[in-house]
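Below you'll find the structure, written out as structure tokens, and then a few comments.
The values are calculated or read from the model by the stated rules, or taken from the named source; none is laboratory data. Values in this document were obtained by computation on a predicted structure and should not be read as measured data. Every residue, glycine as well, gets a Cβ built from its backbone with ideal geometry; the counts of neighbours run over all protein chains shown. Please note that ligands, DNA and RNA were not included when accessible areas were found on the heavy atoms of the full protein model with its side chains. Shrake-Rupley method; radii C 1.70, N 1.55, O 1.52, S 1.80 Å.
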Amino acid sequence: MHGLLRSWNWLLFLTFVVLMTTTGYAEKQSTTARPNLIMIFADDVSWNDLGCYGHPAIRTPHLDRLAREGLRFDNAYLTTSSCSPSRCSVITSRYPHNTGAPELHTDLPKGQVLFPQLLRDAGYYTVISGKQHMGKYALTGFDHVSKGKGPGREADWVPILKKRPKNKPFFCWFASVDAHRAWQASKEYTPHQPADVVVPPYLIDAPETRQDLAQYYDEISRLDFFTGKILDELEAQGIAENTLILFFADNGRPFPRCKTRLYDSGIKTPMLVRWPAAVKPGTVTKSLVSSIDIGPTFLEVAGVNRDPRMQGVSFQKILKHPEKKVRDFAFAEHNWHVFKAHERMVRTGDWLYIRNAWPEQRNLCVESIEFPSGEQLWQRFHAGKLNEFQQDVFLKPRPAEELYLVSKDPYQFHNLATKPEYANELTRLRTVLDQWTKETGDTVPKKPTLDRNQRPGSPEPPEFEHREMPGDSKQATSINAPGPVLSR
């Protein structure tokens with residue numbers, strides 16, 4: 001009997017040792033293993049249209065949780081405010097005119113670098129689900145490709161996380177179609193009320209505009225709902241601690257003076273990062289970053305060497321030290337997006353500089369003509385009832401140059417380019433943009449892609465075709481120089 005007890009006690013002791021060893025090993029693994037990576041890509045959402053950025057009406061409790069438990073970027077910028085060129089720029093970490101796909105509805109050419117492929121080659125399981133809009137070649141960097149499910153294409157994100165291989169780290173490119181038009185109702189949220197809407201001063205405060213904005217808010221809340229489901233699933237699987245989640249958008253809200261434009265309403269993006277193993281909760285950074293920096297950051301976090309073709313820079317050090325700086329300049333471009341366009345932007349500190357190659361034409365997008373908010377603007381325009389802040393999309397000619405002190409002019413209403421007292425700042429940013437243009441091989445096409453849609457009051461355009469694109473004449477797809485990043 002005593003022998004049996006001794007054997008039982010010895011068995012309990014061995015079990016305890018094994019459990020402690022296994023637990024210690026698991027804890028060590030959780031802190032040393034390569035992190036899982038999730039990128040949640042909103043569609044057509046401006047930077048301040050989340051509760052955590054101060055919006056008083058849009059309900060985004062789960063995205064607000066990301067900010068509360070992670071890092072909020074207050075100066076994150078896109079390289080273009082146009083769907084497919086923005087996505088092609090992110091996946092390659094290259095400026096739109098360097099990707100070979102700088103215009104809407106152009107496919108990414110074969111041979112361009114794909115950061116998900118580099119992760120895949122390094123042992124990551126890679127997934128894309130939802131909106132793709134980059135062409136077939138871009139999808140070759142993923143093990144699993146899904147068009148997504150549900151109105152916002154988010155409904156298969158959690159099932160993908162459940163079914164992933166458990167023996168390797170993963171990277172998920174989760175791309176919603178929220179909040180892209182046309183609006184689609186669903187059961188995941190309580191509808192916002194038009195009375196609670198905040199109407200920007202460049203739009204008409206009318207019932208039609210308020211209803212339009214309320215439905216836009218609804219789509220953001222649906223994306224927020226599915227973001228919450230992802231957070232819950234990571235917790236359920238016990239992998240939240242070492243999973244980095246990055247949320248941002250491809251371009252600004254689909255309203256006049258936002259989408260396609262180079263003002264903050266179009267080119268500035270919300271960006272949130274939660275990574276409990278490395279990022280301090282509730283932190284905010286004012287450091288300047290660009291969407292082409294996302295790929296290099298993911299690669300550095302994963303311990304994977306970046307490709308020399310990438311023009312972006314890693315902001316990994318900002319994740320742990322929000323006060324650190326990785327760039328002084330962010331650049332963006334506005335190319336053909338249904339209407340002919342060629343604008344370039346540089347942002348540095350509080351200053352925003354825009355150069356327009358074709359100031360003789362109105363700066364239009366579909367959203368500034370069609371849909372309730374755009375239609376209200378045109379009705380007031382024809383009635384001669386617009387105020388000075390609502391005139392923008394009707395200006396013809398436009399300024400060839402625009403300069404704004406954003407800290408004092410958050411909507412970019414007051415162009416300082418013609419003010420003598422700002423001549424030095426204008427000259428400085430002209431020089432910076434000239435350097436970027438030269439080093440990256442940007443060009444103004446001599447035979448540009450023409451309007452596909454009819455402009456109000458103009459003849460119907462000829463049969464549409466993509467023509468010469470920015471960078472073509474300089475073979476910009478073979479240029480890897482990033483232009484200015486830090487001040488010398």
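Express in % the proportion of alpha carbon pairs of the stretch 341-399 at distances exceeding 14 Å.
Details: 1086 of 1711 pairs.
Value for the stretch 341-399 (Cα pairs over 14 Å): 63 percent.
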Open item on the list: So for the stretch 294-406, considering every pair of alpha-carbon atoms, how many percent are separated by more than 17 Å?
Closed with: 69 percent
Open item on the list: What does the extension gain come out to for Leu405 and Asn424, with contour length at 0.36 nm per residue minus their alpha carbon separation?
Closed with: 5.5 nm
Open item on the list: Once you place label points 7 Å from the Cα toward the Cβ at Ser478 and His321, how far apart are they in nm?
Closed with: 4.0 nm
Open item on the list: Give the separation of the Cα centroids, the stretch 284-313 to the stretch 326-399, in Å.
Closed with: 29 Å
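Given just the C-alpha atoms of the stretch 195-340, how large is their convex hull per residue in cubic angstrom? Walk me through the numbers before you get to the answer.
Numbers: hull volume 23.6 nm³, N = 146.
So the per-residue Cα hull volume is 162 Å³.
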Task: In Å², nearest 10: area of Ile369 left accessible to a 1.4 Å probe - done: 40 Å²
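Helix-derived [θ] at 222 nm for the chain: sum -39500 (n - 2.57) over DSSP H runs of at least 4, divide by residue count, nearest 500? Don't skip to the answer; put the middle values down first.
Numbers: 12 runs with 146 residues, N = 488.
My calculation for the chain gives -9500 deg cm²/dmol from helical runs alone.
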Open item on the list: What aspartates and glutamates does Lys474 reach when the alpha-carbon gap must be under 14 Å and sequence neighbours fewer than 8 apart in one chain are set aside?
Closed with: Glu439, Asp442
Task: Helix runs (DSSP H) in the chain reaching 24 Å along axis by Cα, Kyte-Doolittle at least -0.5 - done: 2-32
Open item on the list: Please report the antiparallel percentage of DSSP beta bridges with both residues in the chain, rounded to the nearest 5.
Closed with: 45 percent
- [ ] Using only the alpha carbons of the chain, determine the length spanned along each of the three principal axes and report them from longest to shortest in whole angstroms.
- [x] 102, 49, 46
Task: Taking N as its residue count, the alpha carbon Rg of the stretch 398-488 over 2.2 N^0.38 Å - done: 1.44
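From the gyration tensor of the Cα coordinates in the stretch 337-457, what semi-axes in whole Å does the equivalent ellipsoid have, largest first, with each one equal to sqrt(5λ)? Don't skip to the end; give the middle numbers.
Working: eigenvalues 148, 84, 25 Å².
Over the Cα atoms of the stretch 337-457, the semi-axes work out to 27, 21, 11 Å.
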Task: Selection of chymotrypsin sites (Phe, Trp or Tyr not before Pro), the stretch 332-440, meeting DSSP coil and at most 16 other Cβ within 10 Å - done: Tyr411, Phe413
Open item on the list: On a 26 Å Cα-Cα criterion, which of the cross-link pairs Lys268/Lys438; Lys110/Lys147; Lys166/Lys187 come out too long?
Closed with: Lys166/Lys187
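With 22 Å as the limit, write out which pairs from Lys280/Lys317; Lys136/Lys162; Lys280/Lys324; Lys162/Lys229 have Cα-Cα distances beyond it, or answer none.
Details: Lys280/Lys317 12 Å; Lys136/Lys162 26 Å; Lys280/Lys324 14 Å; Lys162/Lys229 12 Å.
Violating the 22 Å Cα-Cα cut-off are Lys136/Lys162.
For the stretch 120-235, what number results from the quotient of the Cα radius of gyration and 2.2 N^0.38 Å?
Values: Rg = 17.3 Å, N = 116, 2.2 N^0.38 = 13.4 Å.
Rounded to two decimals, the normalised Rg is 1.29.
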Task: Those residues of the stretch 372-402 whose amide nitrogen sits under 17 Å from the label point placed on Glu360, 7 Å along Cα→Cβ - done: 395-401
Task: Placed amide H near Phe171: partners under 5 Å, 5+ positions off or other chain - done: Leu37, Tyr125, Thr126, Val127
Open item on the list: Among Gln112, Ser86, Thr140, which residue has its Cα furthest toward the positive end of the charge dipole of the stretch 73-155, with +1 on Lys/Arg Cβ and -1 on Asp/Glu Cβ?
Closed with: Thr140
- [ ] Write out the trypsin sites (Lys or Arg not before Pro) in the stretch 140-188 meeting two conditions: DSSP loop, and at most 10 other Cβ atoms within 10 Å of their Cβ.
- [x] Lys166, Lys187
TODO: Can you tell me how much longer the chain between Asn415 and Val145 gets when fully stretched, taken as 0.36 nm per residue apart minus their C-alpha distance, in nm with one decimal?
DONE: 92.7 nm
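Give me the Kirkwood hydrodynamic radius of the stretch 244-330 in Å, from all C-alpha pairs, to one decimal place? Don't jump to the answer; show the numbers that get you there.
Values: mean 1/r = 0.0709 Å⁻¹.
It is 14.1 Å.
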